[in-house]
Amino acid sequence: MRVTRFDSELARPSVVAIGVFDGVHRGHQQLVRRVVARARETGAAASIVTFDPHPGTVVSSNGGPLLLATLEQRLETFEQLGVDQVRIIDFTRDVATQSAREFVDDVLVTQLGALGVVVGDDAHFGRAREGTLDTLRELGASRGFDVESAGAIGETERFSSSLVREMLRHGDVEGAGHVLGRPFILRGLVTHGDARGRQIGFPTANLETQSRQALPQVGIYAGLTRVGDEWIASAVSVGTRPQFYDGAIPLVESYLLDFRGDLYDTEVDVAFLRRLRDEARFASLEALVEQMGRDVEAAREIARSVGSLRPDLLG
């Protein structure tokens, strides 16, 4: 798959989908699969136009939405879905002021030679979100491309990135996984912590997360952690460690079952399978250790139940 931030490297003609595609949930996947199918029918390039950073971080006064996936994760999912090329637009304030007509002429017509465009039925683009599905159809009619709405493809269940964020906010990682079509996955570097887990017999990988990263509700989860190409059963904590101190920023710590090795400065993925319990302060350190032992066994059983699941692959 070709990935570029420059128009000169793009293949033409194209069938195109436009959007941020945060999380690349099942609705996004349906749309992208339709683009790929139409491209194969016509001999065109299956193309995605996406934005980095998220437009909300540039135009919103509150910093925009919490993100479900990194750009790298989005690109990996596009490749799994069979996309030929991705045009990444660096979203700046200048881009935010571009009119819908200018966007269509510059990106879809000149850069990509669009034969067809597939979008969600609530699509908006251009300055102040002035461009709508109807706008796109009107412009396409005079510029030689047709427009298809994902809402007409036949999917009856509605999916959205905001729905995933809401589910994560309530700790419903199973619901989030249903919308995403695979478990919710956090990606980050393993960093040095204060070794509290190691001292009590449960050494954890402390995940460095981004400031605008969506996290599941504070609590303990069963999950899987990817090290290299291997997914390892894990008990995962998202919390402030009230047994030792109350921090302001939640930490993500994964205890990899039956694993021995040094993960510092290694990039890992942590997939969330099921919520086990709330975070709590225990009467003693011994009581905490006993509960952690129960958490580990519960996580082991849940990992067994998913069998050979590869969380990085689409269902």
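Quick notes
- Matching entry among Glu174, Glu138, Glu148 (being without any contact (Cβ under 8 Å) to a residue 12 or more places away in the chain and either under 16 Å from Ala69 (Cα atoms) or not hydroxyl-bearing (Ser, Thr, Tyr) (or both)): Glu138
- Output for region 258-289, where each listed residue is over 23 Å from Gly188 (Cα atoms) and of a type outside the set (A, V, I, L, M): Arg277, Asp278, Arg281, Phe282, Ser284, Glu286
- Pair list, Cβ < 7 Å and 6+ apart or interchain, from region 104-132 residues that are touching a residue at least 40 places away in the same chain (Cβ under 8 Å) and closer than 18 Å to Ala46 by Cβ to residues that are of a type in the set (Val, Ile, Thr) and in a helix (DSSP H, G or I): Leu115/Thr42; Val118/Val35
- Condition check for Arg241: surrounded by 12 or more Cβ atoms within 10 Å (Cβ to Cβ), assigned to a loop (DSSP other than H, G, I, E, B) and at pLDDT below 95: yes
- Pairing residues of region 14-38 that are surrounded by fewer than 24 Cβ atoms within 10 Å (Cβ to Cβ) with residues that are in a helix (DSSP H, G or I) and among the aromatic types (Phe, Trp, Tyr), at Cβ distances under 6 Å and at least 6 apart in sequence or on separate chains, gives no pairs at all.
- Qualifying residue in region 162-177 (condition: at pLDDT 95 or above, assigned to a strand (DSSP E or B) and either farther than 18 Å from Val270 by Cβ or of a type in the set (Asp, Glu) (or both)): no
- In region 88-102, the residue that is surrounded by the fewest Cβ atoms within 10 Å (Cβ to Cβ) out of those that are part of a strand (DSSP E or B) and among the β-branched types (Val, Ile, Thr) is Ile88.
- Out of Gly23, Gly19, sole residue that is at positive phi and at pLDDT 95 or above: Gly23
Residues checked against (1) within 20 Å of the chain's Cα centre (by Cα); (2) small (Gly, Ala, Ser); (3) farther than 23 Å from Val179 by Cβ:
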residue: Arg40; (1), (2), (3): no, no, yes
residue: Ala44; (1), (2), (3): no, yes, yes
residue: Gly56; (1), (2), (3): yes, yes, no
residue: Thr70; (1), (2), (3): yes, no, no
residue: Gln80; (1), (2), (3): yes, no, no
residue: Thr92; (1), (2), (3): no, no, yes
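- Taking the criterion of being farther than 23 Å from His170 by Cα, out of contact with any Leu (no Cβ under 9 Å at 6 or more places or on another chain) and not in a loop (DSSP other than H, G, I, E, B), the residues of region 253-292 that qualify are Leu285, Glu286, Ala287, Leu288, Val289, Glu290.
- Selected residue (only one of Thr57, Thr77 is under 27 Å from Glu166 (Cα atoms) and at pLDDT 95 or above): Thr77
- Residues (under 19 Å from Ala123 (Cβ atoms) and out of contact with any Asp or Glu (no Cβ under 6 Å at 6 or more places or on another chain)) located in region 40-52: Ser47, Ile48, Val49, Thr50, Phe51, Asp52
- Test result for Asp295, closer than 18 Å to Pro203 by Cα and not in a loop (DSSP other than H, G, I, E, B): yes
- Residue tally, condition on the phi > 0 side of the Ramachandran plot and in contact with a strand residue (DSSP E or B) (Cβ under 7 Å, 6 or more places away or on another chain), over region 208-229: 1
The values are calculated or read from the model by the stated rules, or taken from the named source; none is laboratory data. Everything numeric in this text was worked out from a predicted model, so none of it was measured. Cβ atoms come from the backbone with ideal geometry, glycine included; neighbour counts cover every protein chain shown.
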